């Protein structure tokens, strides 16, 4: 299915193939630098909350770092994290309806143990405010000790090395087979819809005579 690409040129695949990537349904373990410098939007995917690292489609992100600012306002909680990558990352939890209109599921109970200088692991989707990328919180956890912190950083390093360091590539044979499978599935669904729309072969009076 996925092998090393034959050249350095990038192939961007249609959304129907994203489930075959190693990033689309996973928490992408990234640094703040990866997010600010590496993640880009792509034309044709507006409004779908999909970002691309190289040609890897990404919806959800996980970051690790130390809390250097904590601002609790009437409308939201804004946490700034420093992960040592040279960039800061803003984590945002809206208390009401956010400007985007999409309110994420987040339990504010998760913030009870979060304070300045806490080492945290945070997960969420990405948004932008005035051109600055933000992580819209879904989960946040305080790391209890050095071992947990080291393990989290190791996961980030491995994810970048094993997944993001090379482009996502699908063979032409796999793409053709997957398109055929999707086409057959669509045709089967259309047959089911037509069957539901088809009128009964017997009218009401005939049905009554046979009973």
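For the stretch 25-42, what are the residues that are out of contact with any strand residue (DSSP E or B) (no Cβ under 8 Å at 6 or more places or on another chain) and either part of a helix (DSSP H, G or I) or modelled with pLDDT under 90 (or both)?
33, 37
Every residue in the stretch 132-163 that is more than 17 Å from residue 58 (Cβ to Cβ), modelled with pLDDT of 95 or more and either outside any helix (DSSP H, G or I) or in contact with a helix residue (DSSP H, G or I) (Cβ under 7 Å, 6 or more places away or on another chain) (or both), please.
The answer is 140, 141, 142, 143.
Which condition breaks for residue 106 when tested against (1) assigned to a strand (DSSP E or B); (2) surrounded by 13 or more Cβ atoms within 10 Å (Cβ to Cβ)?
The one condition residue 106 does not meet is (1).
I'd like to check something: does the stretch 31-47 contain any residue that is touching a helix residue (DSSP H, G or I) at 6+ places or on another chain (Cβ under 9 Å) and farther than 29 Å from residue 9 by Cα?
No, the stretch 31-47 contains no residue that is touching a helix residue (DSSP H, G or I) at 6+ places or on another chain (Cβ under 9 Å) and farther than 29 Å from residue 9 by Cα.
When residue 149 is evaluated against the numbered criteria (1) loosely packed, with under 12 Cβ neighbours inside 10 Å; (2) more than 16 Å from the chain's Cα centre (by Cα), which criterion, by number, is the only one it fails?
With respect to (1) loosely packed, with under 12 Cβ neighbours inside 10 Å; (2) more than 16 Å from the chain's Cα centre (by Cα), residue 149 is out only on (1).
Out of 126, 88, 136, 116, I need the residue that is more than 22 Å from residue 37 (Cα to Cα), in contact with a strand residue (DSSP E or B) (Cβ under 9 Å, 6 or more places away or on another chain) and either in contact (Cβ under 8 Å) with a residue 40 or more places away in the chain or surrounded by 12 or more Cβ atoms within 10 Å (Cβ to Cβ) (or both). Which one?
Answer to the check: 116.
What's the total number of residues in the stretch 164-189 that are free of Cβ contacts under 8 Å to residues at least 40 places away in the same chain and either in a loop (DSSP other than H, G, I, E, B) or under 30 Å from residue 82 (Cβ atoms) (or both)?
Count: 1.
Would you pick out the residues in the stretch 61-77 that are surrounded by fewer than 18 Cβ atoms within 10 Å (Cβ to Cβ) and in contact with a strand residue (DSSP E or B) (Cβ under 6 Å, 6 or more places away or on another chain)?
Selection gives 66, 68, 69, 70, 71, 76.
The values are calculated or read from the model by the stated rules, or taken from the named source; none is laboratory data. Since the structure is predicted, the reported quantities are computational estimates derived from the model, not experimental observations. Heads up, the Cβs are rebuilt from the backbone with ideal geometry, glycines too, and the neighbour counts pull from every protein chain shown.
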